[in-house]
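Input: a single structure, listed below in structure tokens.
The values are calculated or read from the model by the stated rules, or taken from the named source; none is laboratory data. In this text the structure is predicted, and so the values were computed from the model without any measurement. Methodologically, a virtual Cβ is constructed for each residue, glycine included, from the backbone with ideal geometry; neighbour enumeration extends over all protein chains shown.
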Amino acid sequence: MNKTWWKEAVVYQVYWRSFNDTDGDGYGDLQGVIEKLDYLKELGVDVIWLNPCYESPDLDNGYDISNYYSIMNKAGDMETWEMLLEEVHARGMKLIMDLVVNHTSNQHPWFIESSSSRDHPKRDYYIWKDPVNGQPPNNWRSYFEPSAWTYDERTGQYYMHSFAVEQPDLNWENKEVRQEIYKMMRFWLDKGIDGFRLDVINLLAKQEGFPNTDDPEGLHYLGNNPGIHDYLQEMNREVLRDYDIMTVGEIPFVTPEDGLLYVGEGRQELHTLFHFEVADDMPSWDMVRYKEIQSRWYEGLKNQGTNSQFLNNHDHTRQVTRYGNDGRYREESAKLLATMIHTLPGIPYVYQGEEIGMTGVRFDSIEDYQDIAMRNKYEEEVEKGRDPEVVFEELLPLSRDNSRTPMHWSDDDQAGFTTGTPWIKVNPNYKEINVKQALSDENSVYYYYKELIQLRKEHPVMVYGDYQDISGDDPYVYAYTRSLEGEKWLVVLNHCDDSYRFEIPSESRTLLLSNYRDDHGDVLRPHEAKIYKLRD
Ligand code: ISL
């Protein structure tokens, strides 16, 4: 497999609206990102993934775009965005943008024109279908609605939306749409960005004939349909291959076999992907299942494609809460999870705040939650007559707002995030968990991340090494080797609240990094993580 800059990168995800607010409107902004670039540079990350900041009515936090060529007022303006790109590059880092082209906002001029009449030239920029016996064209639901179809009285047809009513799906069968998207992609690439994170990119192709499904709740029918690879190979031919960039596809429902079709080095489609066999399909920690997933993806992509490693993002609850221990062993657990993400095969992603061990949140009222997905689901379930309290408790753990509360910079008011009223409440534990505290504590999660990232930079074995799980079906310990050209490393992780004995191979070994700063050999302490170099 050939070596490239993006395979060796550590990516930091900036959810700008919750990152740093410099104008006191309660939303983070691009100027706020600029002011924290030295912090990110010091951490050691190479690439910044910026969530969407394009003009938008902002119903789905920027994933409902009304103008691909301008910047949302809350975030700033094009001049500030260009300054951000310049400052990122000045520090030797790279910037990838979020590309949201499965759908637009219903406020996008294209949709306003398309929905104005059946005969408008842009009518089939979107997916319009006649009612069937006065009902929606089929029984598909969407991620955020009971039906994937909304009826438009004016023109007497339904339009399709894989997400909210306000997020109509683009019709990728329409060559004009595809050319418009490729033109927009070149606009941003020609400004000098270093790639894209492609939002639900496997949903672009819809099932032929839009047939009913026997599993409306499963949503699988929305993705990986025939034609998707033709679109992505055309996108590669028309745009991507002309630039030295990184592309990472967000691909729900994908398996390793399918994944290779998207990111195989000979496929001329995308460079790498996010799969969701953990984040979407594994509600809580299951070590044996996690190991099986890791081994299956390693074997599936080995020497042909590049995976990503992450356990949280702006859509998924913070990892130390969901998959670790955010109480007594919060710091040890945060460091253990980081060790895993940064030493398993694939590009590691750091979601803002993860590097200081930020946790999920619990608000007491649905009114405190802003996420359209959670609020729509709450209404949908309560409208069925279910007890609102039961529904609320059910939705809490996986609410996307768990990971969207503002970044904790200090123990000042609003965690130093804003001088105004934050768009979403700050997690009350900011007094204890914040960057200022982390920087003053040599044993903090922050400095552990910094060491981990530095270790990866200095040792190609972490990027290109073979992987071998040596812990089998042990329910607590995950131990695996990474090997490259004679160099062999061993990672040992005790994902458990108790001490646990695990026989470490007796080969000669040097401890390179541990979250306990010393080594008790085969006796692994709660949430202990160790990286050894076994031999030169
Ligand atoms: O949020 C999820 C489950 O909690 C994910 O399934 C997510 O909805 C899905 O992966 C698609 O996410 C992407 O597209 C959405 C947007 O709301 C998400 O923020 C984005 O990451 C629509 O653009």
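Odds and ends about this structure:
- Scope the stretch 175-234; condition in a helix (DSSP H, G or I), among the polar types (S, T, N, Q) and under 14 Å from Asn102 (Cβ atoms); matching residues: Asn202
- The one condition from (1) among the charged types (D, E, K, R); (2) within 16 Å of the ligand (Cβ to nearest atom); (3) within 30 Å of Asp230 (Cβ to Cβ) that Glu265 does not meet is (2).
- Flag if Asn325 is closer than 20 Å to Asn443 by Cα, assigned by TED's automatic domain parsing to the domain that holds Val278 and of a type in the set (S, T, N, Q): yes
- The lone criterion from (1) in contact with a helix residue (DSSP H, G or I) (Cβ under 7 Å, 6 or more places away or on another chain); (2) within 16 Å of the ligand (Cβ to nearest atom); (3) in contact (Cβ under 8 Å) with a residue 24 or more places away in the chain; (4) within 27 Å of Tyr351 (Cα to Cα) left unmet by Gly192 is number (2).
- Members of the stretch 12-44 that are among the aliphatic types (A, V, I, L, M) and either without any contact (Cβ under 8 Å) to a residue 60 or more places away in the chain or surrounded by 24 or more Cβ atoms within 10 Å (Cβ to Cβ) (or both): Val14, Leu30, Val33, Ile34, Leu37, Leu40
- On inspection, Met282 fails the criterion of being modelled with pLDDT of 95 or more, more than 16 Å from the ligand (Cβ to nearest atom) and assigned by TED's automatic domain parsing to the domain that holds Val435.
- Residues of the stretch 470-499 satisfying the condition of being in a strand (DSSP E or B) and of a type in the set (A, V, I, L, M, F, W, C): Val477, Ala479, Leu484, Trp489, Leu490, Val491, Val492, Leu493
- Members of the stretch 98-123 that are under 32 Å from the mean Cα position of the chain (by Cα), more than 16 Å from the ligand (Cβ to nearest atom) and more than 15 Å from Asp169 (Cβ to Cβ): Pro109, Ile112
- Tally of residues being in contact with a strand residue (DSSP E or B) (Cβ under 6 Å, 6 or more places away or on another chain) and part of a loop (DSSP other than H, G, I, E, B) across the stretch 37-77: 8
- Residues that are crowded, with 22+ Cβ neighbours inside 10 Å and among the aromatic types (Phe, Trp, Tyr) within the stretch 410-445 comprise Phe417, Tyr430, listed in sequence order.
- Scanning the stretch 279-293 for residues that are in contact (Cβ under 8 Å) with a residue 40 or more places away in the chain, part of a helix (DSSP H, G or I) and surrounded by fewer than 16 Cβ atoms within 10 Å (Cβ to Cβ) gives a single hit, Val288.
- Those residues of the stretch 240-261 which are among the aliphatic types (A, V, I, L, M) and within 16 Å of the ligand (Cβ to nearest atom), in sequence order: Val248, Ile251, Val254
- Close pairs from the stretch 294-306: first closer than 15 Å to Glu265 by Cα and in contact (Cβ under 8 Å) with a residue 60 or more places away in the chain, partner among the hydrophobic types (A, V, I, L, M, F, W, C) and part of a helix (DSSP H, G or I), Cβ under 8 Å, at least 6 apart: Gln304/Leu260; Thr306/Val263
- Selection within the stretch 143-155: residues that are out of contact with any Asp or Glu (no Cβ under 9 Å at 6 or more places or on another chain) and assigned to a loop (DSSP other than H, G, I, E, B). The member of this set that is nearest to the ligand (Cβ to nearest atom) is Tyr143.
- When each of Met407, Met374 is tested for being part of a loop (DSSP other than H, G, I, E, B) and under 30 Å from His495 (Cβ atoms), the lone residue that passes is Met407.
- For Leu203, the requirement of being in the same structural domain as Lys302 (by TED's automatic domain parsing) and over 24 Å from Asp315 (Cα atoms) is not met.
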